[in-house]
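Remarks on the structure that follows.
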Number of protein chains: 2
Amino acid sequence: MENKKKSTIKDIAAALGLTPSAVSKALNNHPRISEKTKLAVKEMAVELDYQPNFLSSALRKGKSNLVGVIIPRVNSHFFSSVVENIEKMLNLNGYNIIMTQSNELYAKECQEIDTLLKIQVDGIIASMANETTNLEFYEKIKSRGTELVLFDRGEEELNVDYVGIDDYKSSHLVVDHLVSQNCKRIAHIAGFHHIRIYKERIHGYKDALEKWNLDIQDNWIIESNLRIEDGRQIMQQLLDAPERPDAVYVAGDIAALGALQVLLENNIKVPEEIALVGFSDEPFTSLTQPSISTINQHSDQIGKLAAEAFLNRMSHPKKKTVNRIILEPELIVRQSSKRI
Amino acid sequence: MENKKKSTIKDIAAALGLTPSAVSKALNNHPRISEKTKLAVKEMAVELDYQPNFLSSALRKGKSNLVGVIIPRVNSHFFSSVVENIEKMLNLNGYNIIMTQSNELYAKECQEIDTLLKIQVDGIIASMANETTNLEFYEKIKSRGTELVLFDRGEEELNVDYVGIDDYKSSHLVVDHLVSQNCKRIAHIAGFHHIRIYKERIHGYKDALEKWNLDIQDNWIIESNLRIEDGRQIMQQLLDAPERPDAVYVAGDIAALGALQVLLENNIKVPEEIALVGFSDEPFTSLTQPSISTINQHSDQIGKLAAEAFLNRMSHPKKKTVNRIILEPELIVRQSSKRI
DNA sequence: TATTTTTGTTCCATCGTTTGAACAAATATA
DNA sequence: TATATTTGTTCAAACGATGGAACAAAAATA
């Protein structure tokens, strides 16, 4: 069963009375090899169950055709959908992907970067962990000459290709909608402002409130990791405060779910007493009772575009100009914010 | 910035007036190299920012120190926790892991196996997709001489190391508990019986019913993919039937969540009218209202043990005996089934 | 027919690391 | 002191695939 040691290009050569290099050229469709030999080589390759040795060819060619993808968490529809679409696009172009997750931890992220660089991937497509403020490891990717594309969570200083949505505008969509539903006291369960996307959401939220002449209360902007517990705890905190908001805009769906749980546990009518809007269009948002309004981030598009950005880099290695693609956010109104 | 081309063992050798092989041996702590040179080499390695070339060393050694992990879905706490623990254990032993997901699709699974074999991982640790009935690709792994360890979803015919829980016994725990809560009409939202673990859960469920002299109704055993929609749809089906069950045992937590939603939407009191038990102890089961009783599968242990099984194989390559580790399931009783 | 061009293949060096064998120098044993 | 052993290093051949240069044979052109 395990007796047949893998066959190499040499075995094919020997079987046909050719040289290894002729076989290699035949397999790679070199123009100077006759159709006859090409055919014979390919047939023999099948017969001997030949599998090209990835390691040797990558070593020789200096190219692995592997792309590393780093995402914060894998159990999020947004991220796993982006990865799926990256994979689809890259597979079509002869690349395989290696998916890794940072679990939102800086240390883990650094370790994953090191592993990927060690395996000598041709490029890395990443979305940064919540914890990450030190960009040193991302600089390392660039300095190693490995292509780098960021999506969603990316910092401008890195000066690399980026795909994401307009977070600032998303907040305007949310606030405008809530105002249209007669909400006047809108709180924001935010992500940490050291991350660009969350900073922009906060910024957009404030500007939109100002636009509608609504008060900006600092204790109504609470930053967190946006985990389910964070949503629960912060919602409780908002309920316990002297003045309650009549709407809560949560910068992440999972935290929004936690917030919804607390609202229901406190017998607060959603959306009548407090309206709720999340962010990311995670599948469960349409399944909760009431269903949660949210922002569609176009995960499928983001994945496809990020992969294309990488492929572009590979085919134009000297190109220096950086490409930032910003998609339009889309508000999905569901029960949790539909008052009228 | 990208000017410094990566330095090799040759550069270190040149800088110190040594041969590449001496440097290689020094870096690998060969006993015949003097402490003095070892030190000098290691210092120079740091100075030149030397990174060993994974491809060449893997090629030469015929060993990549990479392990592929294939799981059905990544957005499940059970699987991601198993992976986390596999990774922790393997990292300690000088291995890196490559995580892939099959999305429960046979075709995807085959593709992932091919990719992993191509990259020449030293081993694969996997849990099979729901769809998988053809074991051909798993045979391929074995025939390539790559180590294979299965966990949770694994078939005995493959005759490889396995780590899982006692699924048959799990059903007994669930049924015994429901009976103790005065449930008499227990339905089972099952997984497909072509998958061993689900077959055993069904088997255990039937035997346990029999043990308590309860009727086994065939239309109360409904097999599915156990997605959230499946849970919803089957629960509705059970409610629409002439005779309603007074308890539902669901073979997966996500489907149990779907079932719970439908129960609540129909204003059925849980657990008073219908009790509910899930499977896997996904984190959300403790967050729902009411919280869901479930089975703890010991994901942390499974990951650790699977990794150890692999490491064992690597250190005793000739060993032929197959190791099957079966852990004890643990019932976690929460509100959804606590009637008394 | 002599010369150039094209075609199909072989030759050989290379990617970077590893490893057994060989060898000289230093040290230990007789 | 002669011989055996140990120590530290170099040599050379891999691992498997690749691709430019070289070369002979066939075909095309003069």
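Which one of these is more than 39 Å from the chain's Cα centre (by Cα), at pLDDT 95 or above, among the hydrophobic types (A, V, I, L, M, F, W, C) and more than 12 Å from DNA strand C (Cβ to nearest atom): A:Met44, A:Met1? I'd like the intermediate steps shown before the answer.
Working: A:Met1 fails: at pLDDT 95 or above.
When all the criteria are applied, what remains is A:Met44.
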Of (1) open to solvent by 20 Å² or more (accessible area, probe 1.4 Å); (2) free of Cβ contacts under 8 Å to residues at least 60 places away in the same chain, B:Asn225 fails just (2)
Residue among B:Glu139, B:Glu112 that is within 13 Å of chain A (Cβ to nearest Cβ) and touching a strand residue (DSSP E or B) at 6+ places or on another chain (Cβ under 9 Å): B:Glu112
Taking A:Gln261 as the residue in question, decide whether it is more than 16 Å from A:Arg334 (Cβ to Cβ) and modelled with pLDDT under 95. yes
Scanning the range B:26-80 residue by residue, those facing chain A (nearest Cβ under 10 Å), of a type in the set (S, T, N, Q) and more than 9 Å from DNA strand D (Cβ to nearest atom) turn out to be B:Gln51, B:Asn53, B:Ser64, B:Asn65, B:Asn75, B:Ser76, B:Ser80
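Could you say which residue among A:Ile326, A:Ile295 is of a type in the set (A, V, I, L, M) and open to solvent by 70 Å² or more (accessible area, probe 1.4 Å)?
Checking each option against the conditions leaves just A:Ile326.
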Single condition A:Gly94 does not satisfy, out of (1) under 22 Å from A:Ala309 (Cβ atoms); (2) at the interface with chain B (Cβ under 10 Å from one of its Cβ atoms); (3) within 16 Å of DNA strand D (Cβ to nearest atom): (2)
Filter result for A:Thr100 (surrounded by fewer than 22 Cβ atoms within 10 Å (Cβ to Cβ), of a type outside the set (A, V, I, L, M), closer than 27 Å to B:Gln111 by Cβ and within 13 Å of another protein chain (Cβ to nearest Cβ)): no
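Just one of B:Val163, B:Val149, B:Val121 is within 14 Å of chain A (Cβ to nearest Cβ) and either buried (at least 18 other Cβ atoms within 10 Å of the Cβ) or free of Cβ contacts under 8 Å to residues at least 60 places away in the same chain (or both); which is it?
Working: B:Val163 fails: within 14 Å of chain A (Cβ to nearest Cβ); B:Val149 fails: within 14 Å of chain A (Cβ to nearest Cβ).
Within the list B:Val163, B:Val149, B:Val121, the selection yields B:Val121.
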State whether one or more residues within the range B:263-274 are open to solvent by 10 Å² or more (accessible area, probe 1.4 Å) and under 30 Å from the mean Cα position of the chain (by Cα). no
Out of B:Leu27, B:Leu16, B:Leu105, I need the residue that is aliphatic (A, V, I, L, M) and within 9 Å of DNA strand C (Cβ to nearest atom). Which one? B:Leu27
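I'm trying to understand the selection: among the residues of the range B:21-46, which are without any contact (Cβ under 8 Å) to a residue 24 or more places away in the chain, within 26 Å of A:Thr146 (Cα to Cα) and surrounded by fewer than 18 Cβ atoms within 10 Å (Cβ to Cβ)? Lay out the reasoning, then the answer.
Here is the first cut: in the range B:21-46, the residues without any contact (Cβ under 8 Å) to a residue 24 or more places away in the chain are B:21-26, B:28-39, B:42-43, B:46.
Checking which are within 26 Å of A:Thr146 (Cα to Cα) leaves us with B:24, B:42-43, B:46.
Residues satisfying the conditions are B:Lys42, B:Glu43, B:Val46.
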Answer yes or no as to whether B:Phe78 is of a type outside the set (Asp, Glu) and more than 9 Å from DNA strand C (Cβ to nearest atom). yes
When both residues are 6+ apart or on different chains and their Cβ atoms are under 6 Å apart, which pairs have a first residue that lies in the range A:269-282 and is under 13 Å from A:Ile186 (Cα atoms), and a second that is among the basic types (Lys, Arg) and open to solvent by 10 Å² or more (accessible area, probe 1.4 Å)? A:Pro271/A:Arg339
If you go through the range A:206-219 one residue at a time, do you hit one that is at pLDDT 95 or above, in contact with a strand residue (DSSP E or B) (Cβ under 6 Å, 6 or more places away or on another chain) and away from chain B (no Cβ under 14 Å)? no
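The values are calculated or read from the model by the stated rules, or taken from the named source; none is laboratory data. This is a predicted model, so every value here is computed, not measured. Every residue, glycine as well, gets a Cβ built from its backbone with ideal geometry; the counts of neighbours run over all protein chains shown. We work out accessible area using only protein heavy atoms, side chains counted, and drop any ligands, DNA or RNA first. Shrake-Rupley method; radii C 1.70, N 1.55, O 1.52, S 1.80 Å.
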